[in-house]
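The next block holds one structure in the form of structure tokens; read it before the comments.
The values are calculated or read from the model by the stated rules, or taken from the named source; none is laboratory data. Keep in mind that what you see is a predicted model, and the values were worked out from it rather than measured. Glycine gets a Cβ as well: all are built from the backbone with ideal geometry, and neighbour counts include every protein chain shown. Surface accessibility is based on the protein's heavy atoms, side chains included, excluding ligands, DNA and RNA. Shrake-Rupley method; radii C 1.70, N 1.55, O 1.52, S 1.80 Å.
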Amino acid sequence: MDQGVRAALTGLSQRPQRRWPAGAVHHGARVGVLVVLAVIAQVLFPAASVPDFPVLDKGMVAERDVIAQVGFPIYKSPEELGREQTEAASAVAPTFEHQPAAADTLLRRIRSFLTRVDSAAAPAAGELRVRAQLREVLASYGFAVTEEAVELLRSARQRTLLARSLEQAIRQELPAGFVPAADLEDETAPQLRLRRGGREELVARTSLLTAQRFYERAGRHLPRSAPPGLVELQRLVLIRFFEPSIRLDREETEATRARARQAVSTVKGHVVRGEKVVGAREQIRERELERLRAYRDELVRLGRLGDAAGSRARAAGAFLFNLLILLIFGLLVYFYRPAVYQDFRHVLVIAALILATVAISALLASSRAPPELIPIALPAMIVATLWDGRLALSLALVLAVLLAGQTPFLGSSVLFTLVIGGAAAALSVRVVRRRSQIWVFISIIAGAYLAGAASLGLLRSRELFEVFGSAGWGTLNAIGSALIAIGFLPLLEAFARITTDQSLLELTDLNRPLLRRLSMEAPGTYAHSISVANLAEAAARAVGANELLTRVGVYYHDIGKMLKPQYFVENQPQGRNPHDKLKPGTSAAIVRSHVVDGLRLAGEAKLPACVAAFIAEHHGTQPISFFFDQARELSPDAELDAGQFTYPGPKPQSKETAIAMLADTVESAARALPDPAPERIQELVDRLVDARVKQGELDETPLTLRDLARIKQQFVSVLAGMYHSRIDYPSGRDAGVEATAMPLIPSDSSAPAG
């Protein structure tokens, strides 16, 4: 993306410090987006040209008579017109043309072939030479070379019989007229137009002879005593060089059929002025709905709709309608989703979804497609995936009202269908967590359309085939919307810089490069991360935090340790600590660097910002007190730079990263407990969590005291299960089994756990 565009998006996403001019630009950009959307909707759906025209839907009952103020035609639907045009074209007799020169052309080809055969069979050459030449001639013309054919052609008598029979057949039979079978296969008309000698006549389709009949008749011109091989050779020669004497004139036939299609009337009825279009207390069925639409279209065409001022007023009213409906959603985002409102990228994504839905709906309206195809599920699914189902449901309801208020979709049935489809799409995301479960999306949305079609069918007394037709279009819409949504989600995630649950689930794969590398290069840290993830996920679930994000973030929180794994206690063999040979300042720098190194590795792997936050915030701004105290002991009078013995931070900014900090601290300390009884675990958890609170590390998180109490409770419960009391087996095989149940990584209290 261009740097200027990025800078503009970043500037518009920052909270304004002053009302003027920064505040005006910040809010004005968002108001401008609303106005642009309202204008585009106005352009795509012009204001209703007919004032106070009755809004009646199929199945409803008219409250009053609708009398035609002008006469108007009732046009056939595209389906009706296409069907009648097809019938008219199929009734047109195809045109065939007699080819008098076909016999001469066929004779010329066969004589050329026979001349080459005679030359090859010249007696001057030896027998072997003659056979070879005949084989060569047959092969050059594409005939199957058989010994029987070669023997027949060696005989001058057989060649004479063949030439005479071929010429007689062509001269006597071909002029009668033979047509290729392919020209008749696609023609179903009972009669055909045949042009012969400047005249044209209608003939029965069955009167035309095909090439197969010509081959059969040609065989009669050989004597009965002729060998079967000669009969077959004659047939093959005619097949190879056949020239039909009657051909289908495709160009003329298509032109005639085009004229037939054009001749079909587009009008199937007329209503005269003063005639009743729909009667009071009559149920609106397909016929009445068709008459109403034709009446409205005729009024629009004639301009019988009031003066220009009235048209401008209706246009202004339509624009205001669009703007007010969109403003409802805009205010909802402003008051209840301030994070979405502030990030201009998020605003643009939602605006693009609204624009796409309105544009596709306008295209469907212009082609008179069923309203069940309006892709209301598409924006609902994407918004629910990127943000949440409540916002998606609000957007779906607003879009349903916006579209149902446009002239082509006026009526309660369209509004109901849109609400059902959009709501199902918005709420189904809560059920589905993996992209591979796309058919669950589709099934839920399709089921909603089926239920909606059934309810409208019962309410409007619709036929069964109409109900299933509506459900079928809804199912097609569900499939298309889901596939498009899944396809575009990665692009929208990247643009909006949002990490969805689907993306987080992909990051939980322990075979991803960073995690696989961590397990190989720092196995102790890897095991520690898995344990902390289990602990943190349980706590996140208890306080309503994002448990999936918490687990993923903890998986990656210590990836920086794999660059120098031996300096962290969980990766050190028992009794060996490389920090013993280093100065406290150097050791602190190494321990501190795992945060910086982790952020660099996360950037190289393109981890989402919400995951990288765990790397930066899981230690907050805590002091590296072990090495700081050690440095003071070694140099009591020296002035130490506290910043060198402090993690770079920042402090945890979210519930998830705060839980990760607490779980990381508690799990590391619990592994070092010599007697992990529940009471001691409870004491340890209380002491460590309270210490972080007193240090102020949790000051910038939204955790409450009640949340901290629940987190402690979960920590104690999970740790008690992980480090439960074990039976002291005396010796032998049982003791060996118990050894495998001990903590995987021995702890060394002389070095920090990280």
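Within the range 109-125, can you find the residues that are open to solvent by less than 40 Å² (accessible area, probe 1.4 Å) and either at positive phi or not in a helix (DSSP H, G or I) (or both)?
Here is the first cut: in the range 109-125, the ones open to solvent by less than 40 Å² (accessible area, probe 1.4 Å) are 110, 113-114, 117, 120-122, 125.
Answer for the range 109-125, where residues must be open to solvent by less than 40 Å² (accessible area, probe 1.4 Å) and either at positive phi or not in a helix (DSSP H, G or I) (or both): Ala121, Ala122, Ala125.
Is at least one residue of the range 99-118 touching a strand residue (DSSP E or B) at 6+ places or on another chain (Cβ under 7 Å) and of a type outside the set (D, E, K, R)? Explain how you work it out, then say what you get.
At the first step, the residues of the range 99-118 found to be touching a strand residue (DSSP E or B) at 6+ places or on another chain (Cβ under 7 Å) are 99.
Narrowing the set further to residues that are of a type outside the set (D, E, K, R) leaves 99.
Yes, some residue in the range 99-118 is touching a strand residue (DSSP E or B) at 6+ places or on another chain (Cβ under 7 Å) and of a type outside the set (D, E, K, R).
Are any of the residues in the range 86-104 part of a helix (DSSP H, G or I) and over 30 Å from Ala181 (Cα atoms)? Spell out the reasoning first.
Step one: of the range 86-104, the residues part of a helix (DSSP H, G or I) are 86-90, 102-104.
From the residues that got through so far, the ones that are over 30 Å from Ala181 (Cα atoms) too are none.
The answer is no, given that none of the residues of the range 86-104 is part of a helix (DSSP H, G or I) and over 30 Å from Ala181 (Cα atoms).
For every residue, the table says whether it meets (1) in contact with a Leu (Cβ under 8 Å, 6 or more places away or on another chain); (2) open to solvent by 70 Å² or more (accessible area, probe 1.4 Å).
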site	(1), (2)
Ala642	no, no
Ala672	no, no
Pro676	yes, no
Val685	yes, no
Leu688	yes, no
Ala691	no, no
Asp699	no, yes
Val718	yes, no
Residue satisfying all of: in the range 126-142; of a type outside the set (A, V, I, L, M) and outside any loop (DSSP other than H, G, I, E, B); farthest from Arg157 (Cα to Cα) among these: Ser140
Single residue of the range 496-551 satisfying the filter (of a type in the set (A, V, I, L, M) and farther than 30 Å from Ala339 by Cβ) that is most open to solvent (accessible area, probe 1.4 Å): Met520
Test for Thr550: is it touching a Lys or Arg at 6+ places or on another chain (Cβ under 6 Å), within 24 Å of Pro608 (Cβ to Cβ), in a helix (DSSP H, G or I) and not small (Gly, Ala, Ser): no
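Tell me which residues, restricted to the range 429-444, are under 21 Å from Ala400 (Cβ atoms) and modelled with pLDDT under 85.
As a first pass, look at the range 429-444 and keep what is under 21 Å from Ala400 (Cβ atoms): 429-430, 441-442, 444.
Hits for the range 429-444 are Val429, Arg430, Phe441.
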Test result for Ala294, at pLDDT 80 or above, in a helix (DSSP H, G or I) and under 30 Å from Leu378 (Cα atoms): no
Subset tally (residues that are open to solvent by 70 Å² or more (accessible area, probe 1.4 Å) and either modelled with pLDDT under 85 or among the basic types (Lys, Arg) (or both)) for the range 129-166: 5
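Just checking, how many residues over the range 103-116 are over 60 Å from the mean Cα position of the chain (by Cα) and at pLDDT 90 or above?
From the range 103-116, those over 60 Å from the mean Cα position of the chain (by Cα) are 103-104, 107-108, 110-116; that's our starting set.
When the remaining residues are screened for being at pLDDT 90 or above, the result is 107-108, 110-116.
So the count comes out to 9.
Considering Glu187, Glu216, Glu201, which residue is farther than 20 Å from Arg164 by Cα and open to solvent by 80 Å² or more (accessible area, probe 1.4 Å)? Outline the logic, then answer.
Values: Glu187 fails: open to solvent by 80 Å² or more (accessible area, probe 1.4 Å); Glu216 fails: farther than 20 Å from Arg164 by Cα.
Unique residue meeting the criteria: Glu201.
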The range 359-385, residues that are among the β-branched types (Val, Ile, Thr) and either surrounded by 22 or more Cβ atoms within 10 Å (Cβ to Cβ) or not in a helix (DSSP H, G or I) (or both): Ile374, Ile376, Ile382, Val383, Thr385
Failed criterion for Gly620 (all others in (1) open to solvent by 60 Å² or more (accessible area, probe 1.4 Å); (2) outside any helix (DSSP H, G or I); (3) of a type outside the set (Lys, Arg) hold): (1)
Number of the exception - Ala638 against (1) open to solvent by 50 Å² or more (accessible area, probe 1.4 Å); (2) closer than 30 Å to Arg497 by Cβ: (2)
Where a residue in the range 131-160 is on the phi > 0 side of the Ramachandran plot and its partner, wherever it lies, is charged (D, E, K, R), with Cβ under 9 Å and at least six apart: Gly142/Arg240
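Quick check on Gly269: is it at pLDDT below 85, within 54 Å of the chain's Cα centre (by Cα) and farther than 23 Å from Glu97 by Cα?
Details: at pLDDT below 85: no; within 54 Å of the chain's Cα centre (by Cα): yes; farther than 23 Å from Glu97 by Cα: yes.
Criteria not met by Gly269.
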Residues being acidic (Asp, Glu) and in contact (Cβ under 8 Å) with a residue 60 or more places away in the chain - total across the range 161-199: 3
Lys694, sole failed condition from (1) touching a Pro at 6+ places or on another chain (Cβ under 8 Å); (2) at pLDDT 90 or above: (1)
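Here's the yes/no breakdown for (1) open to solvent by 40 Å² or more (accessible area, probe 1.4 Å); (2) basic (Lys, Arg); (3) at pLDDT 65 or above; (4) part of a helix (DSSP H, G or I):
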{"residue": "His26", "(1), (2), (3), (4)": "no, no, yes, yes"}
{"residue": "Val31", "(1), (2), (3), (4)": "yes, no, yes, yes"}
{"residue": "Leu34", "(1), (2), (3), (4)": "no, no, yes, yes"}
{"residue": "Ser49", "(1), (2), (3), (4)": "yes, no, no, no"}
{"residue": "Asp57", "(1), (2), (3), (4)": "no, no, no, no"}
Cross-chain or 6+ apart pairs with Cβ under 9 Å, the range 667-681 first and of a type in the set (Ser, Thr, Tyr), then in a loop (DSSP other than H, G, I, E, B): Ser668/Ser747; Ser668/Pro752; Ser668/Ala753; Ser668/Gly754
Flag if Thr206 is free of Cβ contacts under 8 Å to residues at least 24 places away in the same chain, β-branched (Val, Ile, Thr) and out of contact with any strand residue (DSSP E or B) (no Cβ under 7 Å at 6 or more places or on another chain): yes
Selection status of Leu582, aliphatic (A, V, I, L, M), surrounded by fewer than 23 Cβ atoms within 10 Å (Cβ to Cβ) and free of Cβ contacts under 8 Å to residues at least 12 places away in the same chain: yes
Filtered residues of the range 232-259 (kept if surrounded by 16 or more Cβ atoms within 10 Å (Cβ to Cβ) and part of a helix (DSSP H, G or I)): Leu233, Gln234, Leu236, Val237, Leu238, Phe241, Thr253, Thr256, Arg257
